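Quick notes on the structure that follows.
The values are calculated or read from the model by the stated rules, or taken from the named source; none is laboratory data. Everything numeric here is computed off the predicted structure, so don't read it as measured data. We place every Cβ from the backbone using ideal geometry, glycine too, and count neighbours over all the protein chains shown. With ligands, DNA and RNA removed, areas are computed over all heavy atoms of the protein, side chains included. Shrake-Rupley method; radii C 1.70, N 1.55, O 1.52, S 1.80 Å.
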Amino acid sequence: MPKTTKSGSARKSELPSTLQKSSAKAQRTFAKAHDAAAKEEYGEGERAHRVAYSALKHSYEKVGDHWEAKSEKGPSDQRARSGGPNAKGETAEGVDANASKKHLVEVARRLDISGRSTMNKDELVSAIKKANRRQSARDR
């Protein structure tokens, strides 16, 4: 089912819960990428959703139960950087693993992750992923 209306805005009822709590621009980014992938390439299903999330992660990062604009556009993790159907590496589940440690510490502070000041970047990314999953599950 299309994720956008005839006017081009996103159908909130068709969006994942984390996007329903995000900005209208993030919703449109996901919805338009999904609809284009479903119509032109892959049909409705998992692949269209993966394409839409890939487009979203290029400009947004997941913080808790919603998506926020990144300060710099670009791939969010090693898997996004390699791209394609046979992408290599592990996904960071929407966490901007390429961001500075300072930024990751700030996100961890906002999510109230304890021990964040002594963590390295990989530990921060893992802790943020875990906190994001926990908050999303709690809000469902």
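On the given criteria, is Lys25 of a type in the set (D, E, K, R) and in a helix (DSSP H, G or I)?
yes
Can you pull out the residues in the range 1-31 that are among the aliphatic types (A, V, I, L, M), open to solvent by 30 Å² or more (accessible area, probe 1.4 Å) and at pLDDT 80 or above?
Passing the criteria: only Ala24.
Do we have Ser82 as touching a Lys or Arg at 6+ places or on another chain (Cβ under 8 Å) and either closer than 16 Å to Ser22 by Cα or open to solvent by less than 30 Å² (accessible area, probe 1.4 Å) (or both) here?
The answer is no for Ser82.
Considering the range 110-134 alone, what residues qualify as being touching a strand residue (DSSP E or B) at 6+ places or on another chain (Cβ under 9 Å), part of a helix (DSSP H, G or I) and open to solvent by 30 Å² or more (accessible area, probe 1.4 Å)?
Once the filter is applied, which keeps residues that are touching a strand residue (DSSP E or B) at 6+ places or on another chain (Cβ under 9 Å), part of a helix (DSSP H, G or I) and open to solvent by 30 Å² or more (accessible area, probe 1.4 Å), the range 110-134 yields only Arg110.
Taking the options Glu44, Glu72, Glu40, name whichever one is out of contact with any helix residue (DSSP H, G or I) (no Cβ under 8 Å at 6 or more places or on another chain) and part of a loop (DSSP other than H, G, I, E, B).
Glu72
Look through the range 40-66, keep the residues that are farther than 30 Å from Ala108 by Cα and in contact (Cβ under 8 Å) with a residue 12 or more places away in the chain, and return whichever of them is surrounded by the most Cβ atoms within 10 Å (Cβ to Cβ).
Going through the qualifying residues, I end up with Ala48.
Every residue, every condition in (1) aliphatic (A, V, I, L, M); (2) more than 21 Å from Arg134 (Cα to Cα), yes or no:
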site	(1), (2)
Ala36	yes, yes
Val51	yes, yes
Gly64	no, no
Ser71	no, yes
Gly74	no, yes
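When you go through (1) hydrophobic (A, V, I, L, M, F, W, C); (2) modelled with pLDDT of 90 or more; (3) exposed (fewer than 15 other Cβ atoms within 10 Å of the Cβ) one by one for Val107, which number turns out not to apply?
(3)
Does His34 satisfy the condition of being open to solvent by less than 60 Å² (accessible area, probe 1.4 Å), of a type outside the set (Lys, Arg) and either in contact (Cβ under 8 Å) with a residue 40 or more places away in the chain or touching a Pro at 6+ places or on another chain (Cβ under 9 Å) (or both)?
Spelling it out, His34 is indeed open to solvent by less than 60 Å² (accessible area, probe 1.4 Å), of a type outside the set (Lys, Arg) and either in contact (Cβ under 8 Å) with a residue 40 or more places away in the chain or touching a Pro at 6+ places or on another chain (Cβ under 9 Å) (or both).
Hey, does the range 81-95 have a residue that's in contact (Cβ under 8 Å) with a residue 12 or more places away in the chain and within 20 Å of Arg28 (Cβ to Cβ)?
yes
What single numbered condition from (1) among the aliphatic types (A, V, I, L, M); (2) in contact with a Leu (Cβ under 7 Å, 6 or more places away or on another chain); (3) part of a loop (DSSP other than H, G, I, E, B) fails to hold for Ala97?
(2)
So Glu61 ticks every box in (1) out of contact with any helix residue (DSSP H, G or I) (no Cβ under 7 Å at 6 or more places or on another chain); (2) farther than 18 Å from Thr91 by Cβ but one. Which box is left unticked?
(2)
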